[in-house]
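Visitor: This is the structure I want to talk about, given as structure tokens.
Taken together, the values in this text are just the output of simple stated rules run on the coordinates, not laboratory data. Keep in mind the model is a prediction, meaning the values are calculated, not measured. Cβ placement follows ideal geometry from the backbone for every residue including glycine, while neighbour counts extend to all protein chains displayed.
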Amino acid sequence: MIMNNDISENKDGIVLVRSDGLVQTNQILRNEGCGILIVNDSRPTLDNNLISKNKCGVDIDDPSAPELKNNKVEENQFQVKTTRKRWEVYKEGNPRIVGPNDFP
């Protein structure tokens with residue numbers, strides 16, 4: 001569980017590798033690369049985070065499948081980036097986006 005942190009001015013803010021954890025109520029700002037990088041079949045829940053002013057807000061590498069709930073993702077060069085290679089994965093709802101996420 002990663003909770004209640006200010007994570008800023010790093011290469012990448014949070015890197016999740018084979019993770020099923022919870023990332024909640026963090027401010028992830030001004031990182032050189034990704035605010036949150038999700039790789040190697042990770043299935044985390046991202047809940048109520050502010051992800052702003054990074055090169056990429058959330059980067060999801062195949063075959064990871066996070067759940068995004070109640071996040072504010074703004075002012076990044078790319079808000080959410082995926083490397084999904086197969087269209088059928090999108091039709092199944094990956095990533096699963098729940099509730100009032102804010103993606104301008």
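Visitor: Here's a check for you: in the stretch 1-31, which residue that is over 16 Å from Glu67 (Cβ atoms) and among the small types (Gly, Ala, Ser) is farthest from the chain's Cα centre (by Cα)?
Guide: Per the criteria, the residue is Ser8.
Visitor: Moving to a separate point now. For the stretch 1-31, name all the residues that are aliphatic (A, V, I, L, M) and either part of a strand (DSSP E or B) or surrounded by 15 or more Cβ atoms within 10 Å (Cβ to Cβ) (or both).
Guide: Narrowing the stretch 1-31 to residues aliphatic (A, V, I, L, M): 1-3, 7, 14-17, 22-23, 28-29.
Result: Ile2, Met3, Ile7, Ile14, Val15, Leu16, Val17, Leu22, Val23, Ile28, Leu29.
Visitor: How do the pairs read when you match residues in the stretch 58-76 that are in a strand (DSSP E or B) with residues anywhere that are β-branched (Val, Ile, Thr), using Cβ under 6 Å and keeping only pairs 6 or more apart or on different chains?
Guide: Listed by first residue and then by second, the contacts come to Val58/Ile36; Val58/Val80; Ile60/Ile38; Ile60/Thr82; Glu67/Thr45; Leu68/Ile97; Lys69/Val98; Val73/Ile51.
Visitor: Still on this model: Suppose we keep only residues that are β-branched (Val, Ile, Thr) and farther than 15 Å from Lys69 by Cα within the stretch 32-41. Which one would you say is surrounded by the most Cβ atoms within 10 Å (Cβ to Cβ)?
Guide: Going residue by residue through the stretch 32-41, those that are β-branched (Val, Ile, Thr) are 36, 38-39.
Those left that are additionally farther than 15 Å from Lys69 by Cα: 38-39.
On the way: Ile38: 25, Val39: 17.
So, considering only residues that are β-branched (Val, Ile, Thr) and farther than 15 Å from Lys69 by Cα, the one surrounded by the most Cβ atoms within 10 Å (Cβ to Cβ) is Ile38.
Visitor: Which residues, counting only those in the stretch 32-48, are polar (S, T, N, Q) and in a strand (DSSP E or B)? Break it down stepwise before answering.
Guide: As a first pass, look at the stretch 32-48 and keep what is polar (S, T, N, Q): 40, 42, 45, 48.
Thr45 - this is the single residue of the stretch 32-48 that is polar (S, T, N, Q) and in a strand (DSSP E or B).
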